[in-house]
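First comes the structure, then the notes that go with it.
The values are calculated or read from the model by the stated rules, or taken from the named source; none is laboratory data. Keep in mind the model is a prediction, meaning the values are calculated, not measured. Ideal geometry is used to build each Cβ from the backbone, glycine not excepted, and the neighbour counts take in all protein chains shown. These accessible areas exclude ligands, DNA and RNA; they are computed on the full protein's heavy atoms, side chains included. Shrake-Rupley method; radii C 1.70, N 1.55, O 1.52, S 1.80 Å.
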Amino acid sequence: MTQNPAVDQKSASPLKSLFSGAAGRNIGLVLALLAIVVVGMVTAFDSFTNFGNALVILRQASIIGVISVGMTFVIIGGGIDLSVGAVLALASVVGSLAAIQDIAKSSHWIVTIIVALLVGTGAGLINGVVIAYGKVAAFMATLAMLVGARGLAEVLANNRTLVVSDRDFLKAMNIDLLGIDILIWIFAIVAVAGWLLLNRTTFGRRTVAIGGNREAARLAGIKVKQHTMLLYALAGLTAGIAAIMILGRTTAGTSTHGNLYELDAIAAVVVGGTLLIGGRGTITGTVFGVLIFATLQNVFVQNNMSSSLQAIAKGVIIVVAVLLQQRFAGGSTSKKTPKALKPIKSPTPRA
């Protein structure tokens, strides 16, 4: 006997219905973050609850947070980028080369920023071209960029740490606005810009459509290859921004910058509710994912616990997040054709 879909929908668990929506997922993330905060308050109240420590958490989250915003777009679009950490390292090295610093000193420190952004965006464009037009799997293409970019950074730096000597640049990257570090402001601006781009523009809607069903998106008139290329360029751009931030924070460019940042970014995006198969995700969820891991790290540091235990806890959180995605996402994880993209049948001509 054929079951009535309406009956099945009504009989669905109210809890599943709640957490399958964006609001429900965000509520779950808020509760998870609050639980970690409570643990921090119980175990290290005096040092954990002061305002200065809150700024430390946000500052630690800022660089990974910026990278995670770009990663969110790539994963929603059905891709993956393993090279963002290496691209960050390459951009930091190129931006701190003696020739670039000499040009910056003779003109303006903004040159360092422009160079780092160009390097990051250029590396992302290469990824996008190879994936979209070369038809190379995203995993392999970005893995090749990871190895190549870090190797090039080592060659350019001659396996040395390049110290940034431009005082004006360092001063600009270490100022406080309203008592809040400039790195936190950069993270906030990038997150807001990412939210607007994803939720209020055609670019964002096309990203979701491509991640949900590439073929349907193509039939709807979306230039899938071109858009895919732009998604990876965007991820490269955010890696370039993160390189500028790390240059200001460490005052040096080196090929070791950004080691394993790509994994931290992917973890934050997944914990934030973005589906690894694409087609669904939010910038808000990603921000919460970044804050969850940053707060967890701070709690471990406050209690003098080993980094090994922290890694174990992070792994458990990732597994739980993926299991919850599978449990509550239901049919939304399947590659269904979005209603807005389904072809419209032509009316039958009258005789």
Inset, instruction - Test residue 26 against the criterion of being surrounded by fewer than 24 Cβ atoms within 10 Å (Cβ to Cβ), within 30 Å of residue 280 (Cα to Cα) and polar (S, T, N, Q), and give yes or no. - result: yes
Inset, instruction - May I ask you to list the residues in the stretch 274-298 that are buried (at least 24 other Cβ atoms within 10 Å of the Cβ) and closer than 10 Å to residue 72 by Cβ? - result: 274, 281, 283, 286, 287, 289
Inset, instruction - Go through the stretch 43-68 residue by residue and tally those that are in contact with a helix residue (DSSP H, G or I) (Cβ under 9 Å, 6 or more places away or on another chain) and either modelled with pLDDT under 90 or loosely packed, with under 14 Cβ neighbours inside 10 Å (or both). - result: 5
Inset, instruction - Could you check how many residues of the stretch 161-194 are in contact (Cβ under 8 Å) with a residue 40 or more places away in the chain and either aromatic (Phe, Trp, Tyr) or farther than 24 Å from residue 74 by Cα (or both)? - result: 16
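Taking the stretch 269-319 as the region of interest, how many residues are outside any helix (DSSP H, G or I), within 17 Å of the chain's Cα centre (by Cα) and of a type in the set (Gly, Ala, Ser)?
Within the stretch 269-319, the subset outside any helix (DSSP H, G or I) is 272-282, 303-306.
Then drop every residue that is not within 17 Å of the chain's Cα centre (by Cα), which leaves 272-282.
Applying the additional criterion that residues be of a type in the set (Gly, Ala, Ser) yields 272-273, 278-279, 281.
Number satisfying all stated conditions: 5.
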Inset, instruction - Please enumerate the residues belonging to the stretch 149-174 that are among the polar types (S, T, N, Q) and open to solvent by less than 80 Å² (accessible area, probe 1.4 Å). - result: 165
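With the structure loaded, tell me whether residue 146 is open to solvent by 20 Å² or more (accessible area, probe 1.4 Å), closer than 19 Å to residue 261 by Cβ, in contact with an Asp or Glu (Cβ under 9 Å, 6 or more places away or on another chain) and in contact (Cβ under 8 Å) with a residue 60 or more places away in the chain or whether it fails that test.
Numbers: open to solvent by 20 Å² or more (accessible area, probe 1.4 Å): yes; closer than 19 Å to residue 261 by Cβ: yes; in contact with an Asp or Glu (Cβ under 9 Å, 6 or more places away or on another chain): yes; in contact (Cβ under 8 Å) with a residue 60 or more places away in the chain: yes.
Spelling it out, residue 146 is indeed open to solvent by 20 Å² or more (accessible area, probe 1.4 Å), closer than 19 Å to residue 261 by Cβ, in contact with an Asp or Glu (Cβ under 9 Å, 6 or more places away or on another chain) and in contact (Cβ under 8 Å) with a residue 60 or more places away in the chain.
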Inset, instruction - Return yes when residue 112 is closer than 30 Å to residue 195 by Cα, at pLDDT below 95 and not aromatic (Phe, Trp, Tyr) and no when it is not. - result: yes
Inset, instruction - Being surrounded by 23 or more Cβ atoms within 10 Å (Cβ to Cβ) and farther than 17 Å from residue 187 by Cβ is the filter here, so list the residues in the stretch 208-256 that pass it. - result: 209, 210, 211, 212, 217, 228, 231, 232, 236, 253, 255
Inset, instruction - Could you tell me whether residue 31 is modelled with pLDDT under 90, exposed (fewer than 12 other Cβ atoms within 10 Å of the Cβ) and either among the aliphatic types (A, V, I, L, M) or at positive phi (or both)? - result: yes
Legend entry - Subset of the stretch 217-263 (residues that are at pLDDT 95 or above, small (Gly, Ala, Ser) and either under 18 Å from residue 100 (Cβ atoms) or touching a Leu at 6+ places or on another chain (Cβ under 8 Å) (or both)): 233, 236, 239, 240, 242, 243
Inset, instruction - Could you please let me know if residue 235 is touching an Asp or Glu at 6+ places or on another chain (Cβ under 8 Å) and over 17 Å from residue 280 (Cβ atoms)? - result: yes
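For every residue, the table says whether it meets (1) open to solvent by 20 Å² or more (accessible area, probe 1.4 Å); (2) among the hydroxyl-bearing types (Ser, Thr, Tyr).
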site	(1), (2)
88	no, no
91	no, no
95	no, no
103	yes, no
107	yes, yes
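Residue 24: at pLDDT below 95, in contact with a helix residue (DSSP H, G or I) (Cβ under 7 Å, 6 or more places away or on another chain) and not hydroxyl-bearing (Ser, Thr, Tyr), yes or no?
Against the criterion (at pLDDT below 95, in contact with a helix residue (DSSP H, G or I) (Cβ under 7 Å, 6 or more places away or on another chain) and not hydroxyl-bearing (Ser, Thr, Tyr)), residue 24 qualifies.
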